[in-house]
Amino acid sequence: YHDANDDLNFVQCTNDACTTKNVTIVDAANNMGDFNSVAMGSDGFARIGYWDDTNKDVRYAQCTNASCTTKIITLVESSGAIGEYIALKIGTDGFGRMAYFDDTNSDLKFIRCTDNACTTKVITTVDSTGDVGKHAYVAIDSSNFAFVSYFDDTNNDLKFVRCTNADCTAKNITT
């Protein structure tokens with residue numbers, strides 16, 4: 001979560017009711033953590049996609065322990081004002097997939113991480129017709145192809161894309 005100090009925090013509940021917990025500052029540089037999305041990696045540790053509000057960038061944290069006191073933080077994309085409305089899922093290969101809004105171009109973008117820390121990745125503009133990409137949600141099938149629902153602000157519609165390859169360069173878009 002994003003706290004009053006503009007830090008990205010991670011909470012590890014230590015009981016079922018979460019009445020006891022560990023709270024860790026994951027990223028305290030600038031204004032961090034808005035539009036965050038969390039998924040569990042195949043190693044049992046969290047992955048967090050989030051927005052750097054100060055620089056308008058997409059960041060990715062690979063927690064390397066359960067409480068995320070140790071982690072690898074990657075600047076994933078920094079080409080303009082991008083990264084709002086991030087949705088993160090982990091593929092069957094154990095690597096992250098993120099959909100998010102590119103505010104500079106009003107597009108829906110998709111990232112397929114090709115390593116655990118997302119230091120290598122493939123970035124695709126999925127939809128660039130109008131002002132599209134806000135409020136994204138991602139699901140991944142057993143072939144590691146993504147399904148993304150998102151808002152088309154130009155037409156006030158809900159849109160859905162079914163990626164037909166891993167990088168979502170081939171796809172079917174439906175309103």
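Scan region 153-166 and report the pairs whose first residue is within 16 Å of Thr125 (Cβ to Cβ) and whose second residue is surrounded by 20 or more Cβ atoms within 10 Å (Cβ to Cβ) and of a type in the set (A, V, I, L, M), with Cβ atoms within less than 6 Å and a gap of 6+ or a chain change.
Pairs that qualify, where the first residue is within 16 Å of Thr125 (Cβ to Cβ) and the partner is surrounded by 20 or more Cβ atoms within 10 Å (Cβ to Cβ) and of a type in the set (A, V, I, L, M), are Val161/Val126; Val161/Val148; Cys163/Ala146.
List pairs: first in region 83-94 and over 10 Å from Val38 (Cα atoms), second of a type in the set (Val, Ile, Thr) and part of a strand (DSSP E or B), Cβ under 6 Å, 6+ apart or cross-chain?
Gly83/Val58; Gly91/Ile140
Identify, by number, the condition in (1) over 30 Å from Asp107 (Cβ atoms); (2) more than 16 Å from the chain's Cα centre (by Cα) that Ala29 doesn't meet.
Looking at each condition in turn, Ala29 falls short on (1).
Within region 77-173, considering only strands (runs of 3 or more DSSP E) that don't extend past its boundaries, which have at least 1 residues that are modelled with pLDDT under 95?
Correct list: 82-90.
Only one of these is among the hydroxyl-bearing types (Ser, Thr, Tyr) and in a loop (DSSP other than H, G, I, E, B): Thr19, Thr74. Name it.
Just a single option satisfies the conditions, and that option is Thr19.
Look through region 96-116, keep the residues that are in contact (Cβ under 8 Å) with a residue 24 or more places away in the chain and open to solvent by 10 Å² or more (accessible area, probe 1.4 Å), and return whichever of them is farthest from Val126 (Cα to Cα).
Step by step, filter region 96-116, then rank; the result is Asn116.
Given the criterion open to solvent by less than 10 Å² (accessible area, probe 1.4 Å) and of a type in the set (Asp, Glu), identify the matching residue among Asp52, Asp93, Asp34.
From the options Asp52, Asp93, Asp34, the qualifying one is Asp52.
With respect to Thr120, is the statement that it is without any contact (Cβ under 8 Å) to a residue 12 or more places away in the chain, more than 15 Å from Ser42 (Cβ to Cβ), open to solvent by 40 Å² or more (accessible area, probe 1.4 Å) and not aromatic (Phe, Trp, Tyr) true?
yes
So the check is Cβ under 9 Å with 6+ separation or different chains; which pairs have a first residue in region 25-44 that's at positive phi and touching a residue at least 24 places away in the same chain (Cβ under 8 Å) and a second one that's hydroxyl-bearing (Ser, Thr, Tyr) and surrounded by 15 or more Cβ atoms within 10 Å (Cβ to Cβ)?
Gly33/Tyr50; Phe35/Tyr50; Phe35/Tyr85; Phe35/Tyr100
The values are calculated or read from the model by the stated rules, or taken from the named source; none is laboratory data. None of these values were measured; they are calculated from a predicted model. Counting neighbours? That spans all protein chains shown, and the Cβs are built from the backbone with ideal geometry, glycine included. Heads up: the accessible areas ignore ligands, DNA and RNA and are worked out on the full protein's heavy atoms, side chains in. Shrake-Rupley method; radii C 1.70, N 1.55, O 1.52, S 1.80 Å.
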